[in-house]
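Structure, as structure tokens:
The values are calculated or read from the model by the stated rules, or taken from the named source; none is laboratory data. Note that the structure is predicted; figures quoted are calculated from it, not measured. Don't worry about glycine lacking a Cβ; one is built from the backbone with ideal geometry, like all the others, and counts go over all protein chains shown. Just the protein is used for accessible areas: all its heavy atoms, side chains included, with ligands, DNA and RNA removed. Shrake-Rupley method; radii C 1.70, N 1.55, O 1.52, S 1.80 Å.
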Amino acid sequence: MTTKIFQKHPDRGTREFELVDDAIEYRISSPFGDEALSVVLSVLSPEPVVDGSMMYFLSEVNREALIKLFVDLPDAKTFAEFVGILKQRIREEDFGKLSADNRKSAITQEQIDTTIHMLESNMDPKSIDELLSSLRKLSAAPDNHEQLNQVVEAFNDLGIQQGQVLSYTSFFNTLLSSTDLDDLS
């Protein structure tokens with residue numbers, strides 16, 4: 001199992017990445033200086049973005065590239081193994097995902113209908129059709145835990161639009177992890 005890689009680029013210097021507990025630690029040495037940082041896996045999106053010779057793992061919070069790897073260094077096999085393990089570990093952390101199990105209070109039809117109205121008023125309904133559809137089904141059966149799970153899945157599939165949804169409604173905040181941000185430091 002590859003939990004550490006060392007990358008050497010002829011022009012851009014070296015990068016070393018290591019998975020340690022619930023974080024990835026990295027050290028970069030380049031002609032522009034040295035940098036060392038630790039990033040908690042729970043803030044990363046598990047699906048990286050490839051741009052030419054670089055692969056980026058983005059923040060779920062602000063979509064900023066937090067982890068920047070050279071594609072296929074030190075070799076394609078080692079790189080693929082490390083990236084596969086990193087993606088798996090990020091998914092296991094699951095902090096950035098909503099969960100129906102985080103909702104402790106009862107859900108009312110009025111809350112759901114207000115959420116639907118706020119989303120339709122402030123966003124392009126076509127861009128969140130799946131989410132609106134599952135919210136309407138939940139509105140018809142507010143105590144249906146399986147339907148709430150479908151709402152959560154539709155939200156988790158939104159990608160970057162999650163931020164807008166969270167901005168316009170408070171309903172989804174009750175489905176967030178109860179992890180205290182102080183616990184992450």
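Taking every residue in the stretch 151-175 that is polar (S, T, N, Q) and pairing it with any residue that is part of a helix (DSSP H, G or I), at least 6 positions away or on another chain, the pairs with Cβ-Cβ distances below 7 Å are 161/127; 161/128; 162/155; 169/115; 169/118; 169/119; 173/166. Set side by side, the residues 143, 129 differ, and just one is open to solvent by 30 Å² or more (accessible area, probe 1.4 Å), modelled with pLDDT of 80 or more and not in a helix (DSSP H, G or I), which is 143. Listed here are the strands (runs of 3 or more DSSP E) enclosed by the stretch 17-98 that have at least 1 residues being of a type outside the set (Lys, Arg) and open to solvent by 50 Å² or more (accessible area, probe 1.4 Å): 23-30, 33-40, 49-51, 54-58.
You will find that of 66, 119, the residue that is of a type in the set (A, V, I, L, M, F, W, C) and over 26 Å from residue 137 (Cα atoms) is 66 and no other. The listed residues are 32, 6, and the only one of them that is modelled with pLDDT of 95 or more and not charged (D, E, K, R) turns out to be 6.
Among the residues of the stretch 1-16, those that are in contact (Cβ under 8 Å) with a residue 60 or more places away in the chain, open to solvent by 30 Å² or more (accessible area, probe 1.4 Å) and not basic (Lys, Arg) comprise 1, 3, 6, 9.
Among the criteria (1) modelled with pLDDT under 95; (2) over 23 Å from residue 167 (Cβ atoms); (3) not small (Gly, Ala, Ser), the one residue 74 does not fulfil is (1). Restricting attention to the stretch 54-67, which residues are of a type in the set (D, E, K, R) and either modelled with pLDDT of 95 or more or out of contact with any strand residue (DSSP E or B) (no Cβ under 9 Å at 6 or more places or on another chain) (or both)? Matches in the stretch 54-67: 63 only. When the stretch 150-171 is limited to residues that are under 10 Å from residue 100 (Cα atoms) and crowded, with 16+ Cβ neighbours inside 10 Å, the one that is nearest to the chain's Cα centre (by Cα) turns out to be 152.
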